[in-house]
Amino acid sequence: MENWSLVSICVLFGLTARWAVSLNSYSGAGKPPMFGDYEAQRHWQEVTYNLPVHEWYFNTTDNNLNYWGLDYPPLTAYHSLLCAHVAKLINPDWVELHASRGHESYGHKLFMRATVLVADLLIYIPAVVLYSFYLSEGSNKKKVCTVLCILLYPGLILIDYGHFQYNSISLGLALWGVVVLGLGWDVLGSLAFVLSLNYKQMELYHSLPFFCYLLGKCFKQGLAGRGLFLLVKIAVTVLVTFALCWLPFLSDPGQILQVVHRLFPVGRGLFEDKVANTWCSLNVLIKIKTILSTDTQLYISLTTTLLAILPSSIKLLMKPTLWQFKLALVNSSLAFFLFSFQVHEKSILLPALPVCLLLNDLPLPAIWFLQASTFSMLPLFLKDGLLVPYVVTSLAFLFFSIYLLSALEHCSEDKLRLGPYRQLYRIGWALFYFSITAMAGLSFMSVALAPPAQLPDLFPLLVSVFSYLHFLGLLLYFNIVQIAEPPQSVRKNQKKSN
Amino acid sequence: MCYLYVEVHSVISIPPRLIHRGQASVYDTGCVMATPRADDWSWFPALALGVSFLKCILINAYHSTDFEVHRNWLAITHSLPVSKWYHENTSEWTLDYPPLFAWFEYSLSHVAQHFDKEMLVVQNLLYTSPATILFQRLSVIVTDIVFIYAVKECCRSVREEKGSKDLLGHPFFILAALLLWNFGLLIVDHIHFQYNGFLFGILLLSVARHLQGRHLEGALLFTVLLNLKHIYLYIAPAYGIFLLRSYCFTEDNTDGSVRWSSFSPVRLVALGSIVISVGALSFGPFIAMGQLPQVLSRLFPFKRGLCHAYWAPNVWALYNMVDKALSVLGVRLKLLDVAKLPKASMTGGLVQEFQHSILPSVSPSITLICTLLSIMPAVLSIWCRPRGARGFLRCLVVCALGSFMFGWHVHEKAILMAILPFSILAVESREDAGIFLMLTTTGHYSLFPLLFTAAELPIKVLLMLLFTLYSFTSLKKLFRGSLLNPLETTYLLGLVAVEILCEVVYPLSPWQHTMPFVPLLVTSVYCSLGVCYSFIRLYVSLLRQHGTDKHKQL
């Protein structure tokens, strides 16, 4: 069959899975007074539609910032405004100031779900298809399989279509950045990434690799000649895009400061709830939050994050290739997730995106990571009533990715890119199945067993510590792969064997 | 090796031979392919598991009243003695399937009690706890294993043309995908809620057994099927004549006509004892309790109207439409008096009893005669010139489609009875593939009104696109070229317009409140054109084969 029909089938299948998940519950459904992220997004529509721009980020009588105040960058606000206009057309009650608070109805849920699907269809899915067809190696069939596996990644589906968020926009824009950069259009790539950064500040996790890749490219072309010209072009693009995004706020420095303050709420502490990162896991042994002051926590997390991203960034700066870039994206965002300040469990989607891009090159570690990342959000899914879709999408993803990527992959041992450590490969698979079994066991216990009375958070904690171990191990692994890049000859051989 | 073979084949341009799968694998050995090899069946579980995941993810989707129907039957069979099964009427959804299905529900209820005991209480009408939903949905998904196995058996008995080394281009792969991922079955069973997968599994398995020459097994399976759901009586003529003609008579004359002397009484007795013993097992207890009339009155309720609330896209839909058009025309031309017209006719499509105003009304016996007349030529053809199990399969499809076209109170879901077995023929011949595309696309589209909730609209559109796109591209590739003529293509593209008109434009228009029945009417009339056309083409193909056979003999 022609490629276009196979790809369309994969995309249709991905869309069906997405919409089927969206039939389920969302975060905070029927839980007044605060509800959840679904209400937050609806509330932003209400605020942006009814209030003038300069009140969006300020606490006023009409805008109570303690009730889901806007804390994402301007593009999110504009997007909310756009959705609000559509909502107003369909049913004005949905965005009426004050009166619409906590509005829940069949029609509204449908509308909100549809906005996610539209954004996904316009931004994320085309980027995935383009990436797989233009930037991944292998036969056409393998590219189609890559499309399917990336589209079926359960973490993103469950958070966007179950829990309710618009990650497909920020991640999709970042992916557009990667794709366009990979195709050699540096200016457009930086534009896409700046847009993504202005949609969600968490995209900062990806910013350093983008910066290093582009800077490295400028260095390579010679900072005295064409490199300088390129650097200036990129810098101008970034500044102009930023300026355009922030245009309504530029008139008053107070506005800018307030927005920045909303975006980076330092006061909220090192971590909240149960996150599979270093601080939360360390907290089991040492109560960091109570021992250290907020400032000390901030400095410690800043230092460790910088240390963790340093090797991959330097390597990328020296060698700005697409392969290095993808790995650096993983390493940087994962390091941010594990060590930085105020991390949410959903932020694991940021490293998950570049890991999806490695599905084709490093199937086993990528599948492993993606599964662990979905698992790490289990407590959230249980809270939102998404148990059935969690189980089904996880099993489906595991099954499809293992079947499609390893069945096509007869030479995967070389593909692990560990060079001399080939015997590790088999141990790797054994460990993989062991860990999948453990995840299944922990999932089952979280659902079926009541925790002991003195340890009510036992299962969420176990889930996060167990996932943390995976993330830490895979951070090390991806760093090793990036630093010890296989010699060119090995990669050429692989190209031949494909 | 493989390349060499293919090249030699194409250079000498031998017309591709029909080779059986078992032989084909000889050429495959030693040929290293990038994809899983065709003769290892690892792709099959993948395809089946893939669709099972899709089914599981639809667990929380909308379900129709059929969900309550089956819950009620679980409760009846679990909590009441056998003698009360067909008398119980607390719920309006009384047990109206044959006894074997009741026993099937009885066995399911023993698993159900571990999920939620409350669903097994007859008085708990409309009971839908999460555990009940999970159990009922899973019961459909799990019993679909029968269907999956049957599909595998069908794929094994498909003839294939050697040539394509790509797994995706093999007829058996395409057949497996067309059956396992069938759009109609997915939405009827896993959204609307019914147990068709398991029943069609038995039907397909029986067909596969006939294709494999294991006729007694095939007959046994079909008898069991009849005792599970009596709607399959419609295709019983094909079975009866085929078994009598091709199984009980062991030899033909040289011109293909029946050799009366070759009649084998042993075979007839074997068949008869199978039918009677299964029937006795199923109906015996009720006959012993003297409840047979009660059971039969439940199984064949003739109180219902000619057409279902939503007209199935068959001849009667066109008939109703013509009647309506004539009456409107008559009123306009002042030939008719509005006051004298039956009232219901003007709101048609939403009422059960549809009274015709101009054309004569249709009674059940007329539909029965029409149905019998419509399937008669096909049945006669396999009596006069049996063309093996494939001829039988074609006759079976004609019977299913004929009864769909002319039957009394036909449901739109019944189109699946023709579509699913027809898939097997579609991957074997070019002409059938063309008819198949017409029939499935219109037939599947006519199922759209089954899911009328807004949230399920994207699901049905996406799944329909998925299946239709796959069936078109795969069959086109298999037969290397376009399968439809421009007129047919235009008609099918018209379905897109109908969909947009009916589900997007019309609900926004003011007529939605005054004449809400128009979208359903348009859908069923438009689809019935396509189904009628496919039926005629199918008949032509059958009779033409009959003609060429005769010609050859002369």
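Values as computed for the structure displayed
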read-out	value
Residue that is farthest from B:L425 (Cα to Cα) [pool: residues in the range B:372-394 that are touching a Pro at 6+ places or on another chain (Cβ under 8 Å) and not β-branched (V, I, T)]	B:F392
Single residue of the range A:112-132 satisfying the filter (away from every other protein chain (no Cβ under 14 Å) and more than 15 Å from the chain's Cα centre (by Cα)) that is nearest to A:R42 (Cα to Cα)	A:A119
Residues of the range A:1-15 satisfying the condition of being under 26 Å from A:Y106 (Cα atoms) and either touching a His at 6+ places or on another chain (Cβ under 9 Å) or within 7 Å of chain B (Cβ to nearest Cβ) (or both)	A:L12, A:F13, A:L15
Given (1) buried (at least 17 other Cβ atoms within 10 Å of the Cβ); (2) more than 14 Å from chain B (Cβ to nearest Cβ); (3) in contact with a helix residue (DSSP H, G or I) (Cβ under 7 Å, 6 or more places away or on another chain); (4) closer than 17 Å to A:H108 by Cβ, index of the condition A:K88 fails	(1)
Check on A:S8, open to solvent by 10 Å² or more (accessible area, probe 1.4 Å) and within 20 Å of B:H190 (Cβ to Cβ)	no
Number of positions in the range A:288-313 that are under 27 Å from A:F219 (Cα atoms) and touching a residue at least 40 places away in the same chain (Cβ under 8 Å)	5
Among residues of the range B:56-78, those that are more than 9 Å from chain A (Cβ to nearest Cβ) and over 24 Å from B:I287 (Cβ atoms), counted	12
Any hit, the range B:472-493, residues being in contact with a Lys or Arg (Cβ under 6 Å, 6 or more places away or on another chain), among the hydrophobic types (A, V, I, L, M, F, W, C) and either surrounded by fewer than 20 Cβ atoms within 10 Å (Cβ to Cβ) or within 14 Å of another protein chain (Cβ to nearest Cβ) (or both)	yes
B:R385 touching a Gly at 6+ places or on another chain (Cβ under 9 Å), surrounded by fewer than 24 Cβ atoms within 10 Å (Cβ to Cβ) and either among the charged types (D, E, K, R) or within 14 Å of another protein chain (Cβ to nearest Cβ) (or both)	yes
Qualifying position, being within 30 Å of B:E88 (Cβ to Cβ), out of contact with any helix residue (DSSP H, G or I) (no Cβ under 8 Å at 6 or more places or on another chain) and small (G, A, S), among B:G279, B:G290, B:G240, B:G330	B:G290
Filter result for the condition that a residue is at negative phi and within 14 Å of chain B (Cβ to nearest Cβ), over A:R18, A:R42	A:R18
Number of positions in the range A:188-233 that are of a type outside the set (F, W, Y), more than 30 Å from A:L70 (Cα to Cα) and in a helix (DSSP H, G or I)	14
Residue under evaluation A:S100, criteria (1) open to solvent by 10 Å² or more (accessible area, probe 1.4 Å); (2) in a loop (DSSP other than H, G, I, E, B), criterion not met	(1)
Of all residues making up the range B:256-289, the number that are in contact (Cβ under 8 Å) with a residue 60 or more places away in the chain and exposed (fewer than 12 other Cβ atoms within 10 Å of the Cβ)	0
Selection from the range A:21-39 of residues that are within 14 Å of chain B (Cβ to nearest Cβ) and either within 24 Å of A:L247 (Cβ to Cβ) or touching a Gly at 6+ places or on another chain (Cβ under 6 Å) (or both)	A:V21, A:N24, A:S25
Index of the failed condition, B:L437 passing every other in (1) modelled with pLDDT under 95; (2) more than 14 Å from every other protein chain (Cβ to nearest Cβ); (3) within 22 Å of B:F200 (Cα to Cα); (4) in contact with a helix residue (DSSP H, G or I) (Cβ under 8 Å, 6 or more places away or on another chain)	(1)
Residues within the range A:33-63 that are part of a helix (DSSP H, G or I) and small (G, A, S), tallied	1
Single unsatisfied condition, A:V147 versus (1) of a type outside the set (G, A, S); (2) in a helix (DSSP H, G or I); (3) farther than 23 Å from A:V259 by Cβ; (4) open to solvent by 20 Å² or more (accessible area, probe 1.4 Å)	(4)
B:P386 vs. criteria out of contact with any His (no Cβ under 7 Å at 6 or more places or on another chain), touching a residue at least 40 places away in the same chain (Cβ under 8 Å) and not in a helix (DSSP H, G or I)	yes
Count of residues meeting criterion [crowded, with 17+ Cβ neighbours inside 10 Å and among the β-branched types (V, I, T)] in the range B:88-105	1
B:I459 of a type in the set (V, I, T), within 14 Å of chain A (Cβ to nearest Cβ), open to solvent by less than 10 Å² (accessible area, probe 1.4 Å) and part of a helix (DSSP H, G or I)	yes
Condition check for B:V82: surrounded by fewer than 16 Cβ atoms within 10 Å (Cβ to Cβ) and at pLDDT 90 or above	yes
Residue, nearest to B:I419 (Cα to Cα), within the range B:223-255, restricted to residues that are outside any helix (DSSP H, G or I) and open to solvent by 20 Å² or more (accessible area, probe 1.4 Å)	B:K229
Near pairs, Cβ below 7 angstrom, 6+ apart or cross-chain, from the range B:116-138 (part of a loop (DSSP other than H, G, I, E, B)) to any residue that is buried (at least 16 other Cβ atoms within 10 Å of the Cβ) and of a type in the set (D, E)	B:V122/B:E88; B:L126/B:E68; B:S129/B:D116
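The values are calculated or read from the model by the stated rules, or taken from the named source; none is laboratory data. These numbers were taken from a predicted model, which means no experiment stands behind them. Don't worry about glycine lacking a Cβ; one is built from the backbone with ideal geometry, like all the others, and counts go over all protein chains shown. With ligands, DNA and RNA removed, areas are computed over all heavy atoms of the protein, side chains included. Shrake-Rupley method; radii C 1.70, N 1.55, O 1.52, S 1.80 Å.
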